Amino acid sequence: MTTHARPRQPQQPSRGPRLLAPRGVYAPQYDTDLLLRALSDEQVGERTDVLDLGTGTGALAVAAARLGARVTAVDLSWRAVWTARLNARINRTPVTVRHGDLCTAFTPGSFDLIVSNPPYVPAPSAALPRRGLARAWDGGFDGRTVVDRVCDAAPRALRPGGTLLMVHSALCDASASLRRLTANGMSATVIDKNHVPFGPVLRERRTWLCEQGLLDRDATHEELVVIRAELR
């Protein structure tokens, strides 16, 4: 369980491929950009089977397919599924997009690489929203409800030697993710991080987050981390 992040200055999200992001679908943001950067450092080719958990617009799925990978993308939202399919078609990339649970819509041991940008923002309610755009960011009371499920599901979905790339906020504790992945038989490391300005959700929840001791009252930026975990 190690941390070898490369500190970086805040950057605007990269433009990348042309993507439609209709109302109700999570649009690519700083966290997406960090994962795209991590993905570009992996050895991805035509023999690589990639799973994108919680695909949203399909930004990561399209990027992996452009590298030549065989890509499966999954999302709980039908609107996201149709958006990802359309974006794959616009970019002329072959991506299989399925509607289903983030962590059960796969055959065990089928993938070489998993990329995931799960809901990770701590929320006043422990229950995850059943509908609406908040499903893309609400991660339960401590922000870890879906993050923990990804940590538990990744070893089952990956082939031996396979890799998970996951991004989330430091608000939901990167060390907890490293410990959980290590306990699940993976070698886990923080490989990248970035401090980015608060978005609308954190600005709205600022008072509550401060009351929970998760945020300093004078903070203006959120730390995002990218975790890379390899199945031993």
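The values are calculated or read from the model by the stated rules, or taken from the named source; none is laboratory data. Since this is a predicted model, take the numbers as computed values, not measurements. Neighbour counts run over all protein chains shown; Cβ positions are idealised from the backbone, glycine included. Remember, those area values only see protein heavy atoms, side chains included, never the ligands or the DNA or RNA. Shrake-Rupley method; radii C 1.70, N 1.55, O 1.52, S 1.80 Å.
Table for the structure above
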quantity: (1) 72, 44, 34; (2) 48, 39, 34; (3) 50, 45, 33, with the label sought being that of the calculated Cα extents along the principal axes in Å; calculated: (2)
quantity: Convex hull volume per residue for segment 162-206, taking Cα atoms only, in Å³; calculated: 88 Å³
quantity: Nitroxide proxy distance, nm - points 7 Å out along Cα→Cβ at R179 and H99; calculated: 3.9 nm
quantity: Residue-normalised accessible area of the chain, given per residue in Å² at a 1.4 Å probe; calculated: 48 Å²
quantity: Rg/Rh for segment 168-232, where both radii come from Cα atoms and Rh is the Kirkwood radius; calculated: 1.07
quantity: Charge-dipole axis of the chain as Lys and Arg at +1 and Asp and Glu at -1 on Cβ define it, positive-most pick from H168, T107, L20; calculated: L20
quantity: Antiparallel bridges, percent of DSSP beta bridges restricted to the chain (to nearest 5); calculated: 40 percent
quantity: Taking N as its residue count, the alpha carbon Rg of segment 82-155 over 2.2 N^0.38 Å; calculated: 1.25
quantity: Mean separation of Cα contacts under 8 Å, 6 or more apart, over the residue count of segment 50-145: relative contact order %; calculated: 27 percent
quantity: Cut-off under 5 Å, modelled amide H: who pairs with D142 long-range; calculated: A123
quantity: The chain: relative contact order as a whole-number percent, Cα under 8 Å and 6+ apart; calculated: 22 percent
quantity: Euclidean distance of C-alpha centroids, segment 156-232 and segment 66-122, integer Å; calculated: 20 Å
quantity: Bins of 5 Å, starting at 0 and running to the largest distance - Cα pair percent for segment 65-114; calculated: 5, 22, 27, 24, 19, 4, 0
